[in-house]
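The values are calculated or read from the model by the stated rules, or taken from the named source; none is laboratory data. Just so it is clear, the structure is predicted and the values come from calculations on it, not from any experiment. Glycine also receives a Cβ, built like all others from the backbone with ideal geometry; neighbour counts cover every protein chain displayed. With ligands, DNA and RNA removed, areas are computed over all heavy atoms of the protein, side chains included. Shrake-Rupley method; radii C 1.70, N 1.55, O 1.52, S 1.80 Å.
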Amino acid sequence: MEIKHRTETRNRTVGRLLAGAVIATLSLTPWKAEAQGVRGWVGTTVQTVQLRPLALDTVAADAIQQEEDGTLTYLGQAVSCVPQDVCTTYRPADKVTALAVTQDVSLTAWGLGVQGLSFTTMLRGRAKGGEDLVWPRTDDSFDVILGYAQLRRGPVAVRLGRQEVRSGLGFPAFDGGYASVSLGSYDVEAYGGRSMARGLREPTHEALRSLESFIPDESVFLVGGAVHGRVKTSAFTARYQRELLADRSGLVSERASVDFRSVFARARLSGSLDYDFGFEQVGKGHLTLSVPIEGGGWLVETSGRRYVPYFELSTIWGFFEPVSYAEAELRGSWSEVQGLGLWVSGGWRTYEETGATTIFRPLRDDGWRANAGVRWQASPGVVVDATYSLEWGPGSFLSSGEAAARFEPADGMTVTLNAMTFQQVEEFRIGDGRAVGIGGSLDYRIGDRATLMGGGSVLRHLDGGAAILTPWNQGRAWSGLRVLVGSDPGLSQRRNRR
């Protein structure tokens, strides 16, 4: 607990120092000077969720029924019994409500006396309310998501501070440095620093052990680099990335990836592949060929992909050999008539051997999915979208549909109404019943700087006959306000020329 307290205190201190430095820079800079400026946005979001969680409860012996296959049930729900003890099942508990408030500030400042120098920051504050239901991350009141200084001179760019790199290997965040240089048709980049825990923007440390049991007990450092190339109508990126414990006593991850895309006279080809040096295996990859059919308004795409679950070497989960799969997909889209677009796709997936012991019959190792959708722009201010999906897989079945209509009843106002339904059997099942929901949202632009947003949805379960199904009944609502700060100097000059 003492280590966790010291780490949290240090992180808050670093965050406040970064935020204070940015605020001080902004406040001390004479923004009236033509070459200086700040641009960004400030947003506030409030959201609430009401649902019924599940609770374990005992069942009287005379209320239990035995099905033909020998399964014990109570009101259609499976019951577990311990010999010479009690029988238990899950039941819906009382409704609970979660309330979460998020405050975001995202700003970029430039023209600070040094040519090509800018500061970028994104800060996030959180607060919570409601009852026992806790919205994820609301116990973390403050985060510095981004906070770095950048210097760009000609073909060279350098960044220092908290930043992230987006690539086929994920979105790793780190506190450190980044440098890139453009060499004609090639760009080279290198980066490194103290790694942040994935999705948390917190240093990887023992203090996070409550979230991940096998997290390293010391900081982790990340290093990586990439080469981007462009040759005629083709482009590629080759990347290498490695994470080590701070004392270099162990490897956390080591991977490489290649991405490419090529445009031909009548087709487009794209693909990616990554390799995990830690497990000495090829990871995920895909290859997609897109071919437009002239004169018919059709675009046909065929894809092949392979997915391998990825785990860092610091966690034990990767050694359970999670099952990978390969998939083939065919998709066709049509948009010959103005304002109307249709698409349909189908895919087949096959899973590798699980290594699990089977008693009654072999496990199914393949799955199918089919999807269809339509978009109709009835007028410049009215758009209708509808989709439907079917999936059959090992241990699960999903049938779901959604429709939405977006229209603009007044200048600066957008209203969206939507409806959805789904039935999911076996895995996370809702039995023979079906869940249905309706919702709506409103966006209203206030002048040129602010946008007010809000919406809500209600989900209800129909039929099914099992008491456990009612937790699907839930309500959600949210509201938000987003205010733009500063302006784009390029757009301002363009307006002045007009």
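Residue pairs whose Cβ atoms lie under 9 Å apart, separated by 6 or more positions or on different chains, with the first residue in region 281-306 and without any contact (Cβ under 8 Å) to a residue 12 or more places away in the chain and the second hydrophobic (A, V, I, L, M, F, W, C), are 293/299; 293/300. Of the residues making up region 255-301, those that are touching a Ser or Thr at 6+ places or on another chain (Cβ under 7 Å), among the polar types (S, T, N, Q) and within 22 Å of residue 332 (Cα to Cα) are 262, 270, 272, 288. For region 122-141, the set of residues classified as of a type outside the set (Gly, Ala, Ser) and either at pLDDT 90 or above or surrounded by 15 or more Cβ atoms within 10 Å (Cβ to Cβ) (or both) consists of 122, 123, 124, 126, 128, 133, 135, 137, 138, 140, listed by residue number. Here residue 408 meets each of (1) farther than 21 Å from residue 334 by Cβ; (2) over 26 Å from the mean Cα position of the chain (by Cα); (3) loosely packed, with under 13 Cβ neighbours inside 10 Å; (4) touching a residue at least 24 places away in the same chain (Cβ under 8 Å) with one exception, condition (3). For the criterion of being open to solvent by 80 Å² or more (accessible area, probe 1.4 Å), within 30 Å of residue 170 (Cβ to Cβ) and among the charged types (D, E, K, R), residue 312 fails. For residue 257, the test of being open to solvent by less than 50 Å² (accessible area, probe 1.4 Å) and more than 30 Å from residue 176 (Cα to Cα) is failed.
If you go through region 150-174 one residue at a time, how many are among the aliphatic types (A, V, I, L, M) and either surrounded by fewer than 18 Cβ atoms within 10 Å (Cβ to Cβ) or in contact with a Cys (Cβ under 8 Å, 6 or more places away or on another chain) (or both)?
As a first pass, look at region 150-174 and keep what is among the aliphatic types (A, V, I, L, M): 151, 156-158, 160, 165, 169, 173.
Adding the requirement that they be either surrounded by fewer than 18 Cβ atoms within 10 Å (Cβ to Cβ) or in contact with a Cys (Cβ under 8 Å, 6 or more places away or on another chain) (or both) leaves 151, 156-158, 160.
Qualifying residue count for the region: 5.
A single member of 253, 219 is under 24 Å from residue 308 (Cα atoms) and modelled with pLDDT of 75 or more, and it is 253. Identify the residue in region 315-348 that is of a type in the set (Asp, Glu) and exposed (fewer than 14 other Cβ atoms within 10 Å of the Cβ) and, among all such residues, is modelled with the lowest pLDDT. Among them, the one singled out is 321.
Out of the residues in region 401-442 that are part of a loop (DSSP other than H, G, I, E, B) and either closer than 16 Å to residue 382 by Cα or among the acidic types (Asp, Glu) (or both), which is modelled with the lowest pLDDT? Full working, then the answer.
So in region 401-442, the residues part of a loop (DSSP other than H, G, I, E, B) come out as 411-412, 427-433.
Imposing the further condition that a residue be either closer than 16 Å to residue 382 by Cα or among the acidic types (Asp, Glu) (or both) reduces the set to 411-412, 427, 432.
Working: 411: 91, 412: 92, 427: 49, 432: 63.
Out of the qualifying residues, it is 427.
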